[in-house]
Amino acid sequence: MIGNVREYCLIVEGAYLSESDAEHALRDPFIEDWVEQTGHFKIHNMNEIQVTAGVTLGSLGVIMLDERLFEIASVDGDHPLTELKAKGVAEALKRQDMFDEIEVKPRDEAAELLQTDSPPPASESSDEE
C-alpha cells in the first residue's frame, strides 16, 4: 500500500514462456494501434500510449509468477494502479485478447497468493545408503 492508496495488479494467464514474451503480448497490440493512428512509433511514445484513463503503456511492467502466470502492475511508484485503473487495464486487455485469463487483485494479496501456492522447496533426501 502506498500512502493510503491500495495498490492493485492484474494476474494474467497466457501461453507465454517468459516475461519478455508476455510483455510483448501486453504491448504489441497497443503499439500497433498507435502506429495505425500516427504512422510511426518511437520508444518514448510508450509514455504517451494510454491503455486506460491515467495509465500509460510505459508505466506497466510484467513479472512471471509461474509457468503461464504473470503479474502486470505499475512500475511507477508515484502512480500505482488503483482498483478502478486496474479494472480499466483489464478491460483493455480483454479487448486485445492476448491473455486467456485476467484477474484484478490487490497487489499485497497477489503476493500472498504466490507465497501460499508455491510448492515447498524440494528437499534432497538420502534414501540411498
For this session: Could you look through the range 1-57, keep only residues that are under 18 Å from the mean Cα position of the chain (by Cα) and among the polar types (S, T, N, Q), and pick out the one that is nearest to K94 (Cα to Cα)?
Result: T52
Problem set entry | Cβ-Cβ under 8 Å pairs, at least 6 apart or on other chains, the range 15-30 side farther than 11 Å from F99 by Cα, far side part of a loop (DSSP other than H, G, I, E, B) | D28/M98; P29/M98; F30/I49
Exercise. For residues in the range 24-49 being in contact with a strand residue (DSSP E or B) (Cβ under 9 Å, 6 or more places away or on another chain) and assigned to a helix (DSSP H, G or I), which is surrounded by the fewest Cβ atoms within 10 Å (Cβ to Cβ)?
Worked result: N47
For this session: Taking G58 as the residue in question, decide whether it is without any contact (Cβ under 8 Å) to a residue 40 or more places away in the chain, of a type outside the set (A, V, I, L, M, F, W, C), buried (at least 17 other Cβ atoms within 10 Å of the Cβ) and within 11 Å of Y8 (Cβ to Cβ).
Result: no
Problem set entry | Only one of I63, I43 that is more than 19 Å from A110 (Cα to Cα) and not small (G, A, S) | I43
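We did not get these values from a lab; they are worked out from the coordinates using the rules stated. Note that the coordinates shown come from a computational prediction; the quantities given were computed from them, not determined experimentally. Heads up, the Cβs are rebuilt from the backbone with ideal geometry, glycines too, and the neighbour counts pull from every protein chain shown.
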